[in-house]
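Heads up, the thing below is written out as structure tokens.
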Amino acid sequence: MATQEKRTSSLLDTALLWLAIGVLLASMVGYYYFTAHTDLVRVLGLLGGTAVAIAIALQTAIGKTAWAYIQGSRTELRRMVWPTRRETVQTTLMVVVVVLILAVFIWALDIVLAWAVQLLTGR
């Protein structure tokens with residue numbers, strides 16, 4: 001019995017997702033079809049169609065899972081401790097210094113290897 005309910009729910013979710021895709025595509029086609037109208041009307045139609053498609057997609061199990069993930073991400077962002085401006089500048093300067101040191105090292109290694117190849121080949 002539970003399998004039957006899952007299958008029905010899955011079929012309904014699939015149908016809703018296809019409907020959401022259809023609404024989104026219809027709003028995109030409408031944007032290009034109604035070129036005689038102003039851009040504002042066309043953009044509002046596109047945004048309205050996108051909002052309706054998202055609202056339809058959020059009614060599915062996948063949509064509910066995605067929304068829960070987004071809410072969890074927002075919660076984690078609020079908990080995060082952001083670095084101060086001073087810490088950011090210091091870290092950036094350290095990265096630049098390390099990159100410059102590595103660049104000089106690789107340049108010197110290239111010079112030494114080129115010299116060794118010249119010695120070996122006699123050029």
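For the criterion of being assigned to a helix (DSSP H, G or I), of a type in the set (G, A, S), surrounded by 14 or more Cβ atoms within 10 Å (Cβ to Cβ) and touching a residue at least 24 places away in the same chain (Cβ under 8 Å), A26 fails. Among residues of region 57-85 that are closer than 18 Å to L19 by Cβ, none has a beta-carbon under 6 Å from a residue that is aromatic (F, W, Y) and outside any helix (DSSP H, G or I) at least six positions away or on a different chain. The C-beta contact set for region 39-50 (first residue within 15 Å of A26 (Cβ to Cβ), second residue small (G, A, S) and part of a helix (DSSP H, G or I), distance under 6 angstrom, 6+ apart or interchain) comprises G45/G30; L46/S27; G49/S27.
Which of the residues spanning region 29-75 are part of a helix (DSSP H, G or I) and either hydroxyl-bearing (S, T, Y) or not assigned by TED's automatic domain parsing to the domain that holds S10 (or both)? Please lay out each step first, then the result.
Quick first cut of region 29-75, residues part of a helix (DSSP H, G or I) only: 29-33, 39-57, 61-75.
Within region 29-75, Y31, Y32, Y33, T50, T65, Y69, S73, T75 meet the criteria.
State whether one or more residues within region 76-97 are touching a helix residue (DSSP H, G or I) at 6+ places or on another chain (Cβ under 6 Å) and either part of a helix (DSSP H, G or I) or among the small types (G, A, S) (or both). Reasoning before the result, please.
Taking region 76-97 and keeping what is touching a helix residue (DSSP H, G or I) at 6+ places or on another chain (Cβ under 6 Å), we get none.
No - not one qualifying residue is present in region 76-97.
The values are calculated or read from the model by the stated rules, or taken from the named source; none is laboratory data. Everything quoted here is computed from the prediction, not taken from an experiment. In this analysis, Cβ positions are derived from the backbone assuming ideal geometry, glycine residues included, and neighbour counts consider all displayed protein chains.
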